[in-house]
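To start, the structure itself, in structure tokens.
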Amino acid sequence: MTFADWLSDPVNWVYLAIGAAVVASAFRVVTSQNVVHAALFLVATLAGTAALFLMMSAEFVAWTLVLVYIGAVIVLFLFGIMITRAPLNVEPGLDNPKARPLAAVVSLGLFVLLAYTSLQAFGSDQLTDVGTPTDTVTLAESLIVRFVLPFEIVGFVLLAALVGGITIARRDLTPVEEEERGAV
Amino acid sequence: MTLNDYLPLLVMMVLALVFVGAAVLISRIFSPKRPTVEKSAPYESGILPETEPAQRFPVKFYMVAMLFVIFDVEIIFLFAWASRFNDLGWYGIGAVAIFTAFVLETLAYVWKRGALDWNVKHRARYMTAADREAA
Amino acid sequence: MDLIDFGLIVLRVVATFALLLIVTPLNIWAERKLLADMQNRVGPDRAGPWGLLQSFADAIKLFFKEQVLPTKAEKWMFLLAPVFAVVPAFLLFMVVPWGAPLTFTIDGVERVVPLQGTDLNVGVLFVLAMSSMAVYAVVLAGWSSGSKYPLLGGVRATAQAISYEAALGLAIVAVVLYSSTAGDSGGGTLSLAGIVERQSGTLEAVLPQFGAITQFIPRWNLIPQFVAFVIFVIAAIAETNRAPFDLVEAEQELVGGFHTEYSGSKFLLFFLAEYVNIFSMSALAATLFLGGWNGPTFDSILPGFLSAAMPTVWLLIKTYVIVFVFIWVRATLPRMRYDQLMTLGWKRLIPGALGWLIVSALVIGIRRFGLPFV
């Protein structure tokens, strides 16, 4: 299959358009001067990614992405913004030009790693039945039978993450201090 | 079952967006537009706002969001398991039970640390002796 | 998939949309009338017979009201918030099946029209995803208004919504778990049409040992999953920000909450979304627990078109029972304090739902696979 063949299929045009939108909004996430805008661009990026998953017949993964990332993780980010010094408007200090070379190296390395592993894993495999979503049968069985150990480890990692988060975030305040800071 | 299932959702989304757009635009035609300084000031029950709205929120909100992320992941896994409950049998129950135990432990930890206590008075029991001295 | 199929889809979607737009003002009227009755007042009675047109009049009035844009507001975010409120509200109802599939023959081709927006494989996930998208309306409205009360209300509302969404999700897991073992149907499903299908027939199919009486009890999830039902309804009331969980717009402390700065048609959109959500959540509760559109169709007594409409009638009756509960609760219970709300959510409902899920899994496991380690 040549690139021209690939382009001749209208489905791939949709794929390209969504992909471009994802990249564009991902770019705005890092360039936006307003943290809340950045979080909203991240929502757009994730929504586009979910749409790409849908196009690749991964229905369950797509909605999981919406539910967990858009519904929970970004809300966590927004709360993170609200509990810190609340730079709810433009924050020029967000730019850190000194760190740019390092960031470029890290993101390039991550990109190469992901591209390499995806190519190694799938190579030129093609989805034969685009449009037929994978049912949850296969998914549940591979999750709980084949990948049971990673599955349990995820549970442990989540626990560790929360304990760590609380230890960092929460010095137990006295009621007097609480009162001073104002109840909600 | 094909991706055609998503066509109605797309149509509905377009319809809802058109409806929202129409509602805002139509009312823009018919409604008066006479802004005054007082009218467009932030509403504070008639008092002039003295401080910016942005202030720090208690960290408890962040805790709740963190806990919710964990429960969301748990719910996703539980859905995958519950829909294949029959085929997975006791093995599935066991695998999910271990996972759920981690989540329950998380909840218990947060509970014990008092992060779920939003009532200031209830939190007194988490004070150390030094805190009580200070109080 | 041809043009006729596409036409049928568009027709179905437009019908659903119109249904929601017509039903919502009537629900608002019904709520005001019922509350008035419960509080010994008359309620709306001027516009139309029994005040039936009051909500339509209110809606039209709001179109003619000025849309104030506060000076400190972020214009585009301020406009985007009502979009995030309305679109998920309408999409949520799309996965609720509201009648038995109809079969038509057009041009000699038999076409099955499911009376449901769309039957997703992962319908319940979609429901949860949409209700978490609705959180953005509140966050955006609160943040973009540039005013204190909306920001406080928005942050409060978000924490409330995510807390009760966890309980809602766990209650639905219990239903999926139970219906995955529903006898003959083979395996579980996350599609709402599938969950409805597994509730057809009577209890005799599952529990024949209880004798002849089981022939008269419908096989609804309500009976085996009663605890999940209670948790679901409480969480649904909290998700839709209704009394006694309406701290989001606690007038005495927060003025109007997240939509304090909204006026005119933008306020109307928030209001519409709230009531659409109440209706969808009630329909969802009826679908998950009260057997959905299942019910006697009286094939032999009624003429064909009437008995074909009976399932929809059954679903509407069940839905309105739940809507009535929503209104009844609002008239009965005073608003909770914020710490009580969080305690109920995280210390009662969520552990309760998880505990119920464990009990269900163990009981169904023992009934299905026998005791472990034997």
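Every number here is computed from the coordinates shown, using simple stated rules; none is lab data. Being a predicted model, the structure only gives us computed values, none of them experimental. Note: ideal-geometry Cβ built from the backbone for every residue, glycine included; neighbour counts use all protein chains shown.
Going from the residue with the fewest nearby Cβ atoms within 10 Å to the one with the most, C:Arg219, B:Arg34, B:Arg113 rank B:Arg34, B:Arg113, C:Arg219.
Net charge near C:Leu290: determine it from the other residues with C-beta under 14 Å of the C-beta of C:Leu290, scoring Lys and Arg +1 and Asp and Glu -1. Write out the running numbers ahead of the final one.
On the way: positive: C:Arg198, C:Arg219, C:Lys318; negative: none.
Charge balance in the 14 Å sphere: +3.
Counting charges near C:Arg348 (Lys, Arg +1; Asp, Glu -1) among other residues having Cβ under 15 Å from its Cβ returns a value of 0.
Of C:Gly295, C:Gly108, C:Gly154, which is the most mobile in a GNM of chain C whose springs link Cα atoms less than 10 angstrom apart? Greatest mean-square fluctuation among the candidates belongs to C:Gly108. Across the stretch A:1-85, the relative contact order, built from alpha-carbon pairs under 8 Å that are at least six residues apart, equals 24 percent. Phi-derived couplings, Karplus 6.51 cos²θ - 1.76 cosθ + 1.60 at θ = phi - 60°, listed residue by residue for the stretch C:119-132: 9, 6, 4, 10, x, 5, 4, 4, 4, 5, 4, 5, 6, 7 Hz, with x used for Gly and Pro.
Each residue of the stretch C:262-270 was assigned a 3J(HN,Hα) from its phi angle through the Karplus curve 6.51 cos²θ - 1.76 cosθ + 1.60 (θ = phi - 60°); the sequence is 8, 9, x, 6, 5, 5, 4, 5, 4 Hz, with glycine and proline shown as x. Residues in the stretch B:7-15 carry Karplus couplings, in order, of 4, x, 5, 5, 4, 5, 5, 4, 4 Hz; the curve used is 6.51 cos²θ - 1.76 cosθ + 1.60 with θ = phi - 60°, and Gly or Pro positions show x. In terms of surrounding Cβ atoms within a 10 Å radius of their Cβ, C:Met336, A:Met56 rank from fewest to most as A:Met56, C:Met336.
Mean partner shielding of peptide C:335-341, defined as the number of other chain Cβ atoms within 10 Å of each residue Cβ, is 3.
Taking amide hydrogens as placed 1.01 Å from N in the peptide plane, the amide H of C:Gly201 sits under 5 Å from those of C:Arg219, each at least 5 positions away in sequence or on another chain. How big is the gap, in Å, between the Cα center of the stretch B:8-22 and the Cα center of the stretch C:322-369? Centre-to-centre (Cα) distance: 34 Å. Taking C:Pro218, C:Pro150, C:Pro70 as the candidate residues, the one with maximal mean-square fluctuation in a Gaussian network model of chain C, Cα springs under 10 Å, is C:Pro70. Between C:Val113 and C:Leu102, C:Thr103, C:Phe104, the built amide H atoms are under 5 Å apart, and every one of these is 5 or more places off in sequence or on another chain.
This ranking places A:His37, C:His259 by how few other beta-carbon atoms lie within 10 Å of each, fewest first, which gives A:His37, C:His259. Seen from A:Val145, the other residues with C-beta closer than 10 Å to its C-beta sum to a net charge of 0, counting Lys and Arg as +1 and Asp and Glu as -1. May I ask which of C:Lys33/C:Lys61; B:Lys60/C:Lys266; B:Lys39/C:Lys266; B:Lys39/B:Lys60; B:Lys33/C:Lys61; B:Lys60/B:Lys112 have a Cα-Cα span longer than 25 Å here? As for pairs spanning more than 25 Å Cα to Cα, those are B:Lys60/C:Lys266; B:Lys39/B:Lys60. Highest GNM mean-square fluctuation among C:Leu290, C:Leu272, C:Leu354, for chain C modelled with Cα contacts below 10 Å: C:Leu354. Amide H contacts of A:Ser57 (H built 1.01 Å from N, in plane; Pro and chain starts excluded): A:Gly131 sit under 5 Å, all sequence-distant by 5 or more or on other chains.
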